[in-house]
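Written below as structure tokens is the structure these notes are about.
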């Protein structure tokens with residue numbers, strides 16, 4: 001038998017430094033700006049328009065109107081009513097999508113490079129002249145109400161809602177789901193949606209993100225097209241929302257007979273501009289962001305309480321939030337809560353260099369894979385634009401992550417999160433069988449409050 005010839009082994013090259021792409025930035029006279037990311041070889045372009053709209057801009061009692069305005073925007077325009085608009089989108093092989101987030105509404109289109117100018121025109125048309133026909137709006141209201149109804153059967157959602165209501169004042173928009181409550185959706189008819197669109201969908205403070213192998217002249221065409229959008233003169237003054245302090249009392253949402261209990265912990269933290277942000281990220285990854293994190297190793301591998309635990313650190317425009325999520329067997333849920341609180345106390349159990357080294361390598365190594373498409377670049381740029389952060393911040397973050405030591409990560413986490421949790425300063429909720437959970441939680445030293453969150 002003839003053995004195949006084996007060629008020389010491929011040469012392994014030293015890894016090259018990675019950087020988040022820098023866009024060409026073009027400010028427009030109407031208060032808008034264009035970020036153009038030239039990405040050679042990315043022939044499916046992603047175009048995202050991020051408008052400076054906060055969910056707090058929704059009128060009182062109409063929470064969810066921003067989501068309905070976005071979801072109904074591509075159901076027809078004045079130029080192409082009804083199915084005509086859908087046909088135009090399909091004719092050029094494009095896809096339209098968007099999201100009404102806490103600090104910005106993003107409307108975007110993905111399209112192949114040869115149809116890029118047509119895609120720009122359609123995005124402009126969708127944003128500027130949505131029809132919002134009554135039947136279309138009624139359908140989207142029904143869809144959103146069905147989503148809310150399904151949420152009532154999801155204990156993880158109920159636990160999250162209980163934490164959200166504890167973190168933020170009752171009158172605050174942050175106390176409600178991003179997509180709005182059932183009462184807000186029911187009150188948001190086509191007239192309210194038209195009024196919201198006409199007032200808040202405007203060029204001031206907006207950013208148009210172009211990402212991909214941009215055809216020659218496309219950026220200039222985008223500047224001319226969207227630069228003709230008249231300014232309204234409306235520039236709201238944004239301020240940081242103020243939350244509630246934490247409590248050692250655990251909020252319990254009752255699901256009689258449930259064999260598992262969903263846990264959520266929430267805490268308001270400093271935001272991405274704080275000097276400790278990168279160090280907090282490294283520590284959060286060590287504690288609950290990796291499969292080998294402390295929470296997962298103890299609660300899943302050693303105790304067998306759960307299939308997994310996740311901890312996360314999330315940035316807003318002004319501040320951030322720390323969260324822990326998991327699901328436990330009912331009979332061990334109270335003990336698991338106590339274990340989570342103890343494990344987050346890094347002042348008592350500082351992180352070591354092995355843990356932080358794994359976290360730093362993961363966060364640094366995943367970045368080139370996370371941002372390997374035009375869509376991923378555009379989505380991250382859209383988040384930065386909504387939060388009014390320069391794209392260069394990504395490189396600054398990774399440089400700080402790379403230089404973080406175990407001592408620095410432990411100190412930053414303890415300062416802003418761990419000590420607060422250990423002293424009863426976090427917001428904790430469990431959704432499960434209250435008759436079983438309440439006495440067990442009290443035996444672990446927690447106070448208990450039964451709640452029914454708003455959905």
Show the residue pairs meeting these rules: Cβ distance below 8 Å; 6+ apart or different chains; first residue within the stretch 363-378 and closer than 13 Å to residue 37 by Cβ; second residue modelled with pLDDT under 95 and part of a helix (DSSP H, G or I). 376/370
Single match in 139, 150, 199 (criterion: without any contact (Cβ under 8 Å) to a residue 24 or more places away in the chain and over 22 Å from the mean Cα position of the chain (by Cα)): 139
Run down 202, 128, 117 and say which single residue is crowded, with 20+ Cβ neighbours inside 10 Å and over 30 Å from residue 453 (Cα atoms). 202
Conditions: (1) at pLDDT 95 or above; (2) more than 21 Å from residue 370 (Cα to Cα). Residue 423 meets all but one. Number of the miss? (1)
Filter result (touching a residue at least 60 places away in the same chain (Cβ under 8 Å) and either within 20 Å of the chain's Cα centre (by Cα) or not in a helix (DSSP H, G or I) (or both)) within the stretch 348-361: 348, 350, 351
Given the residues 455, 437, which is the only one that is in contact with a helix residue (DSSP H, G or I) (Cβ under 9 Å, 6 or more places away or on another chain), within 30 Å of residue 149 (Cα to Cα) and not assigned by TED's automatic domain parsing to the domain that holds residue 326? 455
Scanning for something in a helix (DSSP H, G or I), under 19 Å from the mean Cα position of the chain (by Cα) and closer than 20 Å to residue 266 by Cα, does the stretch 179-192 turn up at least one residue? no
With the requirement that a residue be closer than 30 Å to residue 16 by Cα and surrounded by fewer than 23 Cβ atoms within 10 Å (Cβ to Cβ), what does the stretch 316-354 give you? 352, 353, 354
So residue 322, is it touching a strand residue (DSSP E or B) at 6+ places or on another chain (Cβ under 7 Å), in contact (Cβ under 8 Å) with a residue 60 or more places away in the chain, more than 27 Å from residue 415 (Cβ to Cβ) and in the same structural domain as residue 366 (by TED's automatic domain parsing): no
Residue tally, condition in a loop (DSSP other than H, G, I, E, B) and either within 30 Å of residue 203 (Cα to Cα) or in the same structural domain as residue 158 (by TED's automatic domain parsing) (or both), over the stretch 249-276: 4
Looking at residue 232 and the list (1) out of contact with any helix residue (DSSP H, G or I) (no Cβ under 6 Å at 6 or more places or on another chain); (2) in contact (Cβ under 8 Å) with a residue 60 or more places away in the chain; (3) not assigned by TED's automatic domain parsing to the domain that holds residue 416, which single condition is not satisfied? (2)
Is at least one residue of the stretch 19-29 touching a helix residue (DSSP H, G or I) at 6+ places or on another chain (Cβ under 7 Å), over 18 Å from residue 125 (Cβ atoms) and outside any loop (DSSP other than H, G, I, E, B)? yes
Has the stretch 294-308 got any residue that is in contact (Cβ under 8 Å) with a residue 40 or more places away in the chain, part of a helix (DSSP H, G or I), surrounded by fewer than 22 Cβ atoms within 10 Å (Cβ to Cβ) and not assigned by TED's automatic domain parsing to the domain that holds residue 50? yes
In this structure, is residue 246 surrounded by fewer than 20 Cβ atoms within 10 Å (Cβ to Cβ) and in a loop (DSSP other than H, G, I, E, B)? no
Filtered residues of the stretch 205-227 (kept if part of a loop (DSSP other than H, G, I, E, B), in contact (Cβ under 8 Å) with a residue 60 or more places away in the chain and out of contact with any helix residue (DSSP H, G or I) (no Cβ under 7 Å at 6 or more places or on another chain)): 205, 206, 214
Going by what's in this entry, would residue 53 be described as in a loop (DSSP other than H, G, I, E, B), in contact (Cβ under 8 Å) with a residue 12 or more places away in the chain, within 25 Å of the chain's Cα centre (by Cα) and in the same structural domain as residue 134 (by TED's automatic domain parsing)? yes
Can you tell me which residues in the stretch 398-421 are surrounded by fewer than 18 Cβ atoms within 10 Å (Cβ to Cβ) and part of a helix (DSSP H, G or I)? 399, 400, 402, 407, 415, 419
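The values are calculated or read from the model by the stated rules, or taken from the named source; none is laboratory data. Since the model is a prediction, treat every value here as computed from it, not as a measurement. Here Cβ is always computed from backbone atoms with ideal geometry, including for glycine, and neighbour counts include all displayed protein chains.
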